[in-house]
Amino acid sequence: MDMESAKLLGAGIAVLGVIGSGIGIGSIFAAFISAVGRNPEAREHVFTMTMLGFALVEALALFALIIALLLLFVF
């Protein structure tokens, strides 16, 4: 395997982390909707924790994308 095909393969594998991030974001918001449906008065507190979880999961997706772009264009 030459270096160019290894770079492309590595970038493709790095982008697979975005799939897990999408699943995580979906489960975070599903839990948020369920929690607010059960107790609407706790929306403000639950929303704060939901946004914190969303930001952390989205950061992981951005890290995976940055690694893929580094593999493609830098190395």
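Values in this text are rule-based calculations from the coordinates and carry no lab data. All figures in this text were calculated on a predicted structure; none of them were measured in a lab. No Cβ is skipped: glycine too gets one built from the backbone with ideal geometry, and neighbour counts run over all protein chains shown.
What number, in percent, do you get for the relative contact order of segment 10-73 if the mean sequence gap of Cα pairs under 8 Å and at least 6 apart is divided by its residue count? Provide the component values of the computation, followed by the final result.
On the way: 42 pairs, mean separation 39.1, N = 64.
Result for segment 10-73 is 61 percent.
Computing FRET efficiency as 1/(1 + (r/R0)^6) for residue 52 and residue 16, where r is the C-beta to C-beta distance and R0 is 35 Å, gives about 0.90.
Between 0 and 90 degrees, the angle of helix 3-15 with respect to the longest Cα principal axis of the chain falls at about 0 degrees. Mean projected area of the convex hull spanned by the Cα atoms of the chain, taken over all viewing directions: 5.0 nm². The slack between residue 23 and residue 65, meaning 0.36 nm per residue of separation minus the straight C-alpha distance, is 13.5 nm. Placing unit charges on each Cβ (+1 for Lys and Arg, -1 for Asp and Glu) gives the chain a dipole about its Cα centre, and among 46, 16, 26 the Cα reaching farthest toward its positive end belongs to 46.
Here the Karplus curve 6.51 cos²θ - 1.76 cosθ + 1.60, taken at θ = phi - 60°, turns the phi angles of segment 39-47 into couplings of 9, x, 6, 8, 4, 4, 5, 5, 5 Hz, with x standing for Gly and Pro.
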